[in-house]
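The values are calculated or read from the model by the stated rules, or taken from the named source; none is laboratory data. Note that the coordinates shown come from a computational prediction; the quantities given were computed from them, not determined experimentally. FYI the Cβ positions are ideal-geometry reconstructions off the backbone, even for glycines, and counts take in every protein chain you see. The protein model used for the area step is the full one, side chains on, heavy atoms only, and it has no ligands, DNA or RNA in it. Shrake-Rupley method; radii C 1.70, N 1.55, O 1.52, S 1.80 Å.
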Amino acid sequence: NRQMLRTRGRHGMHAGHGGGGRRRLRHVAARQIRRHRHTPQRAAAGDKFVDKILTPREIKYCTNRKAYKYPEMAARFAAKEAYSKALGTGIAGIKWQEIEVVNNGQGQPQIAVKGKIKKQVFVSLSHSLNYAVATVVIEQ
């Protein structure tokens, strides 16, 4: 008989299984972005914001997506913010370029920090023409 424990904190939702679980859920956070902040004009002009937030590999992946280029950029930005919220630190003290959203062989997004895939971090990305959302779960 497991009970799910939840508390809502300043930086997202913290949850865990009470007793007996093999894995414990540590933090969950989500972030939604309106796409107008990442317009084609900004990215096409070599926007400093995009260069500051996304790594060269992320920019390459997004630009190869053609029709989904800008929603993909917004989703990766949302994932980085959600990851920092799930850590409980917020983005303070973390460099944007140290966090990278990469896709595994099946296309599933993963978080890498300083080039190392975080095995206990799970990320889900979704986007439409106007919005992008990312959810990050960290297990311990």
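In the range 120-136, which residue that is touching a Lys or Arg at 6+ places or on another chain (Cβ under 9 Å) and open to solvent by less than 50 Å² (accessible area, probe 1.4 Å) is nearest to ASN104 (Cα to Cα)?
Top of the filtered list is LEU125.
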Before we move on, is ALA75 crowded, with 19+ Cβ neighbours inside 10 Å, modelled with pLDDT of 90 or more and assigned to a helix (DSSP H, G or I)?
yes
What pairs come up if the first residue lies in the range 49-74 and is more than 20 Å from LYS114 (Cα to Cα) and among the basic types (Lys, Arg), the second is at pLDDT 85 or above and surrounded by fewer than 19 Cβ atoms within 10 Å (Cβ to Cβ), and their beta carbons are under 7 Å apart, counting only those six or more places apart or on different chains?
LYS69/THR63
Pair list, Cβ < 6 Å and 6+ apart or interchain, from the range 97-113 residues that are over 19 Å from VAL50 (Cβ atoms) and assigned to a loop (DSSP other than H, G, I, E, B) to residues that are modelled with pLDDT of 90 or more and not small (Gly, Ala, Ser)
ASN104/GLN110
